[in-house]
Amino acid sequence: MTTPVDATSTPAWDKLAQLQPTIVDGPHVLRRWFDADPGRAQRYTFEAADLHVDLSKNLLTDEVRDALLELADQVRIPARRDAMYSGEHINVTEDRAVLHTALRRPAGDSLTVDGQDAVADVHEVLERIYDFARQVRSGEWKGATGKPIRTIVNIGIGGSDLGPVMAYEALRPYVQDGLECRFISNIDPTDAAVKTADLDPETTLVIVASKTFTTLETLTNARCVRTWLLDGLVAAGAVEDTEEARNAAVAKHFVAVSTALDRVAAFGIDPANAFGFWSWVGGRYSVDSAVGTALAVAIGPEGFADFLSGFHAIDEHFATAAPEQNVPLLMGLLNIWYVNFWNAHSHAVLPYSQYMHRFPAYLQQLTMESNGKSVRWDGTPVTCQTGEIFWGEPGTNGQHAFYQLIHQGTRVIPADFIAVANPTHPTKDGGTDVHELFLSNFFAQTAALAFGKTAAEVEAEGTPANIVPARVFSGDRPTTSILADELSPKILGELIALYEHITFVEGTVWGIDSFDQWGVELGKKLALEIAPAVSGDDAALASQDSSTQGLVSWYRARRS
Ligand code: F6P
C-alpha cells in the first residue's frame, strides 16, 4: 500500500492558499477577466470525446490552473490513475482492483488481473447479455404461458438501481416500442406495490440485481415480487399450484445479476439465467456491467455497445489528454479549489434535459458514497475537508425553486450546466422553437451567475433606491457548461465516465479510498438488531437507548 501524499503539505497547496485571497480583488472579477481577455472563453473551452466543456466562467486564472496541475502531480494522480487502469489493488480496505474501465474496453483488448483476462471475461458476459436481450426484444423469450415479455422489472438498490434507472430514463427515446422497464428499490412495500399494480405477471420478467446478493431490501423485494408473480399466474389458471410448476415459472420470469452466483442459486434462480460480474466493479461504478442488463434489453445490444464506447472514449481522454486539456482532471481539480480553498459545501449539477432527471440522484451515490470519508487509504485522518454534497434538478424547473440561493445566497455553490444541441421532441410554439427557448435559459443562467447585475444597472432601470440592494446580483458565481450534440447512449456514457473520473481525482487529492463504503454498514446492522423490538420483542426493546425505546414504543402503540 502506498502512503497517500498529504495534499495540504505540498508546495502547490501553499501556492493555492496564497492565491485564493488575491483572486477576487473587488466586485465583478469575471466581468473584468472577460473584458480584458477576449480569448478567455476559447482558452478555457475543451473537447473531451463528444463533450464540449467551457470552464471559463470559473474562478480560474492561468496561475490557479498551473498550481492545481502541480498539485495533481505532487499527489501523484497520474500514477494512481495508471495503477487503477492496470488493475492494482487500489481499493485497499477491501483489497480489490478497481477496474470499471475494463468493462468498456473493446473486444480484443486484454488485461490480466489476478491471473485472469478481465477484458475477455467482460466480453463473454456481454455476449450472453446481448443474446438474452435479443431473445426478449424479439419475443423469442416467452413467459410461463407462452406470451412474450412486455415489462422488465429491475429489483436492486444503490448502484444496482440508480445507474440503470437513470440511464433508462435518459435514453427513453431509444427504448424498443412495446417494452417497458420499471425499477423497484425501496423496502417500503409501497414501491413494489405501486410498480406491479397494473402489470400482467404473464408478460413480466424480473431482473434481481445485487452485487452481493445479500442486500436486505433487494432480497425482500425479490421474494415479495416472486410471490406476487407466481400467485398471479396461479390465480389466472396459467400455472398449476405445485412447487414444481412454480419453480418452472421462476425460470421463465426471473434472471439475476450478481457477483455471487452461489447465492443466486440458493435464492432459486437458475445460474444459467444469471449474469455475473466481478468484485473489482464497485456498485456505483456498475451500470456498464451486467447491472445494466435491463438497459441492454431496453435499448438493445447496439445501443448498449454505443453506451460502453462513450465511457471508453472518456477513459482514453483521461488517460492520454495533456493535463492542461484533460477535462476530468481539470474539473476534479476545480472541485478541490472550491471545496478546500473557497469553503464550498455543495456542488449543483443542473441538466437542461428532462430525460436526465435522475442524473443528479445517480451522481449523489457516485460522488458521496465514494468521497464521503474522514480517513485516508492508510487509515490516517484526512487533513482537510472532503466530499461535497452533490445535488440538482433539471433546468428550468430548478430556476423556479432553488436558483435564488445560487444567485444571491452567501455560499459559493459551483454548478455544472449540461445540455444537448438537438432535441428529441422538436416543438414549435407559434413561431418559437421551444428547445431554443429552453437552451436560452441555460445560456442566460450561466451568464447571469458569472456577470451578475450591478447596483448602477439596477438603478438605471428606475428601481427605487430602497429596493436596489435586493435586486443586485454580485456575479462571480462559478459554473461549468457541458454541451453535446444529442442525448445518445454514447454521450450518456461519456457523461457518466466524466463524473467517475472527476470523483477519482478528488478522492486521490484527499488521499481517500473512493471505492469502499464502510459508512453504510452500521445502520444496516442496527436495523436488523432493532427489527425484533419493532415487532414486539420487549427484551430486544429494553436493550435500546431511551430515545429509540420511546420511538419504537410510540410506533407499537399506534400500529393498527
Ligand atoms: O449499502 C451500500 C451498497 O453496498 C452500495 O454500495 C451498493 O450499490 C448497494 O448497497 C447495493 O448493493 P448490492 O448490489 O450488493 O445489492
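The values are calculated or read from the model by the stated rules, or taken from the named source; none is laboratory data. What you see is a predicted model; the values in this text were computed from it and never measured. Note that each Cβ is placed from the backbone with ideal geometry, even for glycine, and that neighbours are counted across all protein chains shown. Accessible surface areas use protein heavy atoms only, side chains included; no ligands, DNA or RNA. Shrake-Rupley method; radii C 1.70, N 1.55, O 1.52, S 1.80 Å.
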### Message
Just checking, does region 320-337 include any residue being free of Cβ contacts under 8 Å to residues at least 24 places away in the same chain, surrounded by fewer than 21 Cβ atoms within 10 Å (Cβ to Cβ) and within 20 Å of the chain's Cα centre (by Cα)?
### Response
no
### Query
Since residue 119 meets every condition but one in (1) open to solvent by less than 10 Å² (accessible area, probe 1.4 Å); (2) touching an Asp or Glu at 6+ places or on another chain (Cβ under 7 Å); (3) within 16 Å of the ligand (Cβ to nearest atom), which condition does it not meet?
(3)
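Among the residues of region 47-59, is there at least one that is basic (Lys, Arg) and either buried (at least 18 other Cβ atoms within 10 Å of the Cβ) or in a loop (DSSP other than H, G, I, E, B) (or both)?
Going residue by residue through region 47-59, those that are basic (Lys, Arg) are 57.
Keeping just the survivors that are either buried (at least 18 other Cβ atoms within 10 Å of the Cβ) or in a loop (DSSP other than H, G, I, E, B) (or both) gives 57.
Within region 47-59 (the criterion being basic (Lys, Arg) and either buried (at least 18 other Cβ atoms within 10 Å of the Cβ) or in a loop (DSSP other than H, G, I, E, B) (or both)), the answer is yes, since at least one residue qualifies.
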### Task
Would you point out which residue out of 72, 83, 41 is within 22 Å of residue 515 (Cα to Cα), part of a helix (DSSP H, G or I), without any contact (Cβ under 8 Å) to a residue 24 or more places away in the chain and open to solvent by less than 50 Å² (accessible area, probe 1.4 Å)?
83
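Whether any residue in region 532-544 is over 29 Å from residue 421 (Cα atoms), assigned by TED's automatic domain parsing to the domain that holds residue 364 and not β-branched (Val, Ile, Thr) is what I want to check. Give the steps one after another, and end with the answer.
Start the filter on region 532-544 by keeping residues that are over 29 Å from residue 421 (Cα atoms), which leaves 532-544.
Now narrow it down to the ones that are assigned by TED's automatic domain parsing to the domain that holds residue 364: none.
No, region 532-544 contains no residue that is over 29 Å from residue 421 (Cα atoms), assigned by TED's automatic domain parsing to the domain that holds residue 364 and not β-branched (Val, Ile, Thr).
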## Note on the structure
Filtering region 486-528 for residues that are more than 12 Å from the ligand (Cβ to nearest atom), open to solvent by 20 Å² or more (accessible area, probe 1.4 Å) and of a type in the set (Val, Ile, Thr) leaves a count of 0
### Message
Being surrounded by 20 or more Cβ atoms within 10 Å (Cβ to Cβ) and either under 21 Å from residue 53 (Cα atoms) or outside the structural domain of residue 164 (by TED's automatic domain parsing) (or both): is that true of residue 348 here?
### Response
yes
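Among 217, 202, which is the only one that is assigned by TED's automatic domain parsing to the domain that holds residue 277, more than 9 Å from the ligand (Cβ to nearest atom) and of a type outside the set (A, V, I, L, M, F, W, C)? Lay out the reasoning, then the answer.
Working: 217 fails: more than 9 Å from the ligand (Cβ to nearest atom).
Among 217, 202, only 202 is assigned by TED's automatic domain parsing to the domain that holds residue 277, more than 9 Å from the ligand (Cβ to nearest atom) and of a type outside the set (A, V, I, L, M, F, W, C).
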### Hey, residue 229 in a helix (DSSP H, G or I), buried (at least 24 other Cβ atoms within 10 Å of the Cβ), more than 11 Å from the ligand (Cβ to nearest atom) and without any contact (Cβ under 8 Å) to a residue 60 or more places away in the chain or not
yes
### Boolean, residue 165 is under 30 Å from residue 238 (Cα atoms), within 16 Å of the ligand (Cβ to nearest atom) and in contact with a strand residue (DSSP E or B) (Cβ under 8 Å, 6 or more places away or on another chain)
no
### Message
Suppose we keep only residues that are touching a strand residue (DSSP E or B) at 6+ places or on another chain (Cβ under 6 Å) and part of a loop (DSSP other than H, G, I, E, B) within region 144-160. Which one would you say is farthest from residue 496 (Cα to Cα)?
### Response
149
### Task
Could you please let me know if residue 410 is open to solvent by less than 50 Å² (accessible area, probe 1.4 Å), over 26 Å from residue 45 (Cβ atoms), among the hydroxyl-bearing types (Ser, Thr, Tyr) and part of a loop (DSSP other than H, G, I, E, B)?
no
### Task
Output the number of the condition that residue 132 fails; it satisfies all remaining conditions of (1) in a helix (DSSP H, G or I); (2) within 16 Å of the ligand (Cβ to nearest atom); (3) among the hydrophobic types (A, V, I, L, M, F, W, C).
(2)
### Task
Please give the number of the condition residue 426 fails out of (1) assigned to a helix (DSSP H, G or I); (2) open to solvent by 40 Å² or more (accessible area, probe 1.4 Å).
(1)
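Scan 250, 239 and give me the residue that is away from the ligand (no atom under 16 Å from the Cβ), open to solvent by less than 40 Å² (accessible area, probe 1.4 Å), modelled with pLDDT under 95 and of a type outside the set (Asp, Glu).
On the way: 250 fails: modelled with pLDDT under 95.
Of 250, 239, the one residue that is away from the ligand (no atom under 16 Å from the Cβ), open to solvent by less than 40 Å² (accessible area, probe 1.4 Å), modelled with pLDDT under 95 and of a type outside the set (Asp, Glu) is 239.
Name every residue in region 189-199 that is of a type outside the set (Val, Ile, Thr) and either away from the ligand (no atom under 16 Å from the Cβ) or under 20 Å from the mean Cα position of the chain (by Cα) (or both), in order of residue number.
The initial filter retains those residues of region 189-199 that are of a type outside the set (Val, Ile, Thr), namely 189, 191-193, 195, 197-199.
If the condition is that a residue be of a type outside the set (Val, Ile, Thr) and either away from the ligand (no atom under 16 Å from the Cβ) or under 20 Å from the mean Cα position of the chain (by Cα) (or both), then 189, 193, 195, 197, 198, 199 are the ones that fit.
Within region 228-251, is even one residue farther than 30 Å from residue 372 by Cα and among the basic types (Lys, Arg)?
Within region 228-251, one or more residues are farther than 30 Å from residue 372 by Cα and among the basic types (Lys, Arg).
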### Query
Is there a residue being at pLDDT 95 or above, surrounded by 23 or more Cβ atoms within 10 Å (Cβ to Cβ), more than 16 Å from the ligand (Cβ to nearest atom) and closer than 24 Å to residue 148 by Cα anywhere in region 256-278?
no
